[in-house]
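Report on one structure; see the data block that follows.
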Amino acid sequence: MNNELYSKLVDLYAGHELPAELEDQMELAAVADGGLNHEITTLRRVVDTLQSLEEPDFTEESYHRILMKLYARGADIQPQAPVSTHFQYNLPLQG
Amino acid sequence: MPNDALRDSLAEKRWLTALSKGDPSALGGLYEMYGERIFRYTFRMLGNRTDAEDATAETFLRVLRRSTELRADGAFRTWLFRIARNLCIDKMRQHKLMELPSDAHYSGSEERATLRVTVQQALSDLPIEYREPLVLCDLEDMAAREAAEILKISVPALKSRLYRGRRALRDKLGGTLERTS
C-alpha cells in the first residue's frame, strides 16, 4: 500500500479501529515518512490521553445534592442507597 | 447480550413501565441506573460540578414530566442523553464561556490532576460541535451509532466531527502531550 492511502487511515489508526496487521504496516511506513509518523503518533496520543483520564468523581455529596434538587422541585424520589447521617440531621449553627 | 447488560435492560424496562403507570418512586430506580453517567457527561460538557448537578437533576425532572410518554423500547438511554445534552447547551449559552471547575475533586497524582485540568480546559475551548463527539466517543466510550443518534446527525458526520475535534484538541494541547508520552 502507498502512503497516500495510509494518510487516509490515520484517523482510524488513532482510534484503534484498524486490524493489528494494518497498524503494523502503517507504523513501518511511518518510519520513512516523517509527516505520517507525526500524524499517527500525535493523534493516537490525543485519543489515549482522553481515554486514560480519570472520570469525574460522582461523590456522595453530589448524589444527595441532586436528590435534594429533585425533592425541592416536587419529585417523589426514593434514594436506593442509604443516606449518610450528616445528610439526615441539620447541625446547629455556631455563633 | 452479556448478563450485566441484560439485567440492566430488564431493570430499565421495569422502572420505565412503573413510571409510565404513574409510580413516581420509579424515578429513583432510573436515577440509580443513570444518575452517575449523566452527571459525568454533564460535568465533562459543562466543566464544573454545580452546573453538572443542576443539569443532572433537571434531566431527571424532565423524564418525570414526560413519564406518560415513556416507552420501554430500548431508546431510553439515547433520549436521556439528548435531554442532558440540550440542557448543557442551554447552560453554555447562559454562561457564554466555560470556566474551570473550582470545586472539582481530582484524584490520582498531581501530574495526572494537572493533565486533567489542562485537557478539560482545552476541551472547553473547543467549539461545541467538536467537543460533543469527543466527550461521547472518547471519554464516555459510547459507540458511534449511539453518539450520532444523541446528536441527531449521521454516523459519517459524527466521525468527521470526531476526527476534526481530535486534531483541534491536539493543536491546543501541543507540548502537554509531548510531556505525557
Checklist line | For the pair B and A, total buried accessible area rounded to nearest 100 Å², probe 1.4 Å | finding: 3900
Notebook entry, point to check: GNM, chain B, Cα, under 10 Å: largest mean-square fluctuation among B:GLY28, B:GLY165, B:GLY47?
Noted result: B:GLY28
Next item on the list: Name the residues of the stretch B:135-181, by number, that are at least 20 Å² less accessible with every protein chain in place than in the isolated chain; the surface is that of heavy atoms, probe 1.4 Å, without ligands or nucleic acids.
Entry: B:ASP138, B:LEU139, B:LYS159, B:TYR163, B:ARG166, B:ARG167, B:LEU169, B:ARG170, B:LEU177, B:GLU178, B:SER181
Checklist line | Alpha-carbon gyration tensor eigenvalues x 5, square-rooted, for the stretch B:106-181, Å | finding: 25, 13, 10
Checklist line | Candidate lysines for bridging to B:LYS91, where Cα separation is under 20 Å - those fewer than 8 sequence places away on the same chain excluded | finding: A:LYS69, B:LYS152
Item checked: Principal axis dimensions, largest first and in whole angstrom, of the stretch B:1-98 by Cα -> 40, 30, 19
Notebook entry, point to check: R0 = 51 Å: FRET efficiency of A:THR41 with B:LYS21, Cβ-based, nearest 0.05?
Noted result: 0.40
Next item on the list: Average the reciprocal distances over every distinct pair of alpha-carbons in chain B, invert the result, and give the Kirkwood radius in Å.
Entry: 17.5
Check: Considering only protein heavy atoms, what per residue accessible area in square angstrom results for chain B with a 1.4 angstrom probe?
Finding: 48
Check: What average count of beta carbons from other chains do you get within 10 Å of the Cβ of residues in A:38-48?
Finding: 5
Next item on the list: Considering only B:GLU58, B:GLU111, B:GLU140, give the residue with the highest GNM mean-square fluctuation for chain B, with springs between Cα atoms whenever their separation is below 10 Å.
Entry: B:GLU111
Checklist line | Of B:ALA55, B:ALA143, B:ALA168, the one that fluctuates the most in a GNM where chain B has Cα springs shorter than 10 Å | finding: B:ALA143
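For the stretch B:3-48, go through all pairs of different Cα atoms, get the mean of 1/r, take its inverse, and jot down that Kirkwood value in Å.
11.6
The values are calculated or read from the model by the stated rules, or taken from the named source; none is laboratory data. These numbers were taken from a predicted model, which means no experiment stands behind them. Glycine gets a Cβ as well: all are built from the backbone with ideal geometry, and neighbour counts include every protein chain shown. Ligands, DNA and RNA are stripped out before the accessible areas are found, and what is left, the full protein with its side chains, is counted by its heavy atoms. Shrake-Rupley method; radii C 1.70, N 1.55, O 1.52, S 1.80 Å.
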